[in-house]
Each structure stands twice: as C-alpha cells, then as structure tokens.
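The values are calculated or read from the model by the stated rules, or taken from the named source; none is laboratory data. All values reported here derive from a predicted model rather than from experimental measurement. As a convention, Cβ positions derive from the backbone with ideal geometry for all residues, glycine included, and neighbour counts pool all protein chains shown. These area figures cover heavy atoms from the full protein model, side chains too; ligands, DNA and RNA do not enter into them. Shrake-Rupley method; radii C 1.70, N 1.55, O 1.52, S 1.80 Å.
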Amino acid sequence: MSHRTCSRREFLAVAAVLLTACGQRPRNQPLPAWMLTPDNAEDPDLVRDMLVIQDLLVRHGEIRREVQHYSYGIRATTTSPAADLAARIREHVDQMRSRLRRGAAIRQEDPLFAAVFAHHQAVDLQVERLPGGVRVTEVSDDPVTVMLLRQHAVHAVSEFVAGGIDRARQPTPLPPGYPG
C-alpha cells in the first residue's frame with residue numbers, strides 16, 4: 001500500500017465534504033479549494049467557518065439583503081424569515097468580524113478578498129442584531145478601503161446571496177479604479 005501526503009488545502013477541502021455529508025446537509029458540490037486560505041496558514045477555525053458559509057450558500061434563496069451606500073462606507077441588512085437561517089447569518093457575521101479584526105483571511109486567491117484583508121486595519125465594522133438577521137455597517141476613513149467595502153458588499157456578498165454556490169465559485173474582481 002502506498003501513501004501520499006496532501007497539502008493542508010487538500011485536507012481541508014476533503015474534510016469540509018466529509019463534515020457536510022455527516023451533518024446531513026444538502027448534497028451540493030463542496031466549495032473549491034481556492035476559496036480556502038493558503039496552505040501554510042494555521043487556522044483552526046477555517047473548517048467551522050467554511051461550513052457556515054456553505055450552509056448560507058446552499059440556502060441563499062431564503063436570504064434577503066439590502067445595501068445602502070454612504071461616502072464613508074456601506075450599511076447592509078441581511079435577513080431570513082427562517083429562524084435557524086437567521087441564526088446562521090448572525091453566526092457568520094460574528095465569525096467574519098473576528099476574522100477581519102485578526103486579519104485571518106479567507107478566499108486569498110480571490111482578488112477582492114485578498115485586498116479587503118490587506119486593508120483590514122482600516123475597517124470599522126459594527127453589527128446590529130435584528131430579529132431576522134443583522135445590519136452591518138462597514139466604514140473607513142481611507143477612500144481605497146471604502147471602494148473595497150462597496151465592492152465586497154455588492155459584487156461579492158449580495159451576489160453570493162443571489163447566486164449561491166455557483167456564484168461563490170467565481171472570483172470577485174477588484175473595483176474599477178482600484179489603485180492596487
């Protein structure tokens with residue numbers, strides 16, 4: 001019998017599939033490995049966070065989202081009439097707020113997510129819990145960071161809500177005019 005080692009990325013991708021199957025979640029394709037963090041990242045929360053994301057993507061049709069734009073950032077309201085899904089939305093927002101504060105990136109091969117996490121210290125993120133979900137306000141004093149926040153709100157998260165896993169499998173471009 002021969003043995004082969006696998007990268008951390010390959011292991012996490014397989015683990016996500018297995019954990020999804022064990023949890024009796026809908027049988028959709030797992031998220032692609034490029035959505036994970038780099039192989040050398042030490043991130044004990046990654047699989048937990050990715051499973052919540054996968055749940056949200058699978059049930060995207062039950063989620064409603066509205067984004068308001070301001071000169072200094074955005075305010076997004078994300079809700080669901082399903083109580084369990086509203087709780088998952090809140091859980092996801094808490095996880096991502098923690099990741100942003102720590103600079104613990106996800107989707108690093110996605111140009112937009114890499115840029116957002118590169119600017120994480122310039123983001124002020126506030127969360128208001130609502131009966132059916134959350135209202136998130138993301139602001140920055142840095143105009144480049146504001147561009148990234150808008151792109152993330154509309155051309156990443158809102159599109160993920162509209163298109164689910166199919167959309168999440170695609171990278172998100174940087175905003176037009178990004179000086180990157």
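How do the pairs read when you match residues in segment 168-180 that are loosely packed, with under 13 Cβ neighbours inside 10 Å with residues anywhere that are in a loop (DSSP other than H, G, I, E, B) and among the aromatic types (Phe, Trp, Tyr), using Cβ under 7 Å and keeping only pairs 6 or more apart or on different chains?
Pairs found: none.
Does segment 41-48 contain any residue that is farther than 25 Å from Met147 by Cβ, touching a strand residue (DSSP E or B) at 6+ places or on another chain (Cβ under 7 Å) and open to solvent by less than 40 Å² (accessible area, probe 1.4 Å)?
There is no residue in segment 41-48 that is farther than 25 Å from Met147 by Cβ, touching a strand residue (DSSP E or B) at 6+ places or on another chain (Cβ under 7 Å) and open to solvent by less than 40 Å² (accessible area, probe 1.4 Å).
Quick one: in segment 133-143, which of the residues that are on the phi < 0 side of the Ramachandran plot and surrounded by 16 or more Cβ atoms within 10 Å (Cβ to Cβ) is farthest from the chain's Cα centre (by Cα)?
Result: Ser140.
Table: residues versus (1) of a type in the set (Asp, Glu); (2) modelled with pLDDT under 90.
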| residue | (1), (2) |
| --- | --- |
| Ala33 | no, yes |
| Gln68 | no, no |
| Thr78 | no, no |
| Ala86 | no, no |
| Glu91 | yes, no |
| Ser98 | no, no |
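Among the residues of segment 123-131, is any touching a residue at least 60 places away in the same chain (Cβ under 8 Å) and of a type outside the set (Val, Ile, Thr)?
No, there is no match, as no residue in segment 123-131 is touching a residue at least 60 places away in the same chain (Cβ under 8 Å) and of a type outside the set (Val, Ile, Thr).
Yes or no, residue by residue, for (1) more than 15 Å from the chain's Cα centre (by Cα); (2) buried (at least 16 other Cβ atoms within 10 Å of the Cβ):
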position	(1), (2)
Arg75	yes, yes
Thr79	yes, yes
Arg97	no, yes
Leu112	no, yes
Gln121	yes, no
Glu128	yes, no
Pro131	yes, no
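For the subset of segment 49-68 comprising residues that are over 14 Å from Ala156 (Cα atoms) and basic (Lys, Arg), which member is surrounded by the fewest Cβ atoms within 10 Å (Cβ to Cβ)?
Top of the filtered list is Arg64.
Any chance segment 53-61 includes a residue that's more than 15 Å from the chain's Cα centre (by Cα) and modelled with pLDDT of 95 or more?
Checked against the condition, which is being more than 15 Å from the chain's Cα centre (by Cα) and modelled with pLDDT of 95 or more, segment 53-61 yields at least one hit.
Being farther than 19 Å from Arg90 by Cα and touching a strand residue (DSSP E or B) at 6+ places or on another chain (Cβ under 9 Å) is the requirement here; does Asp166 meet it?
For Asp166, the condition - farther than 19 Å from Arg90 by Cα and touching a strand residue (DSSP E or B) at 6+ places or on another chain (Cβ under 9 Å) - is not met.
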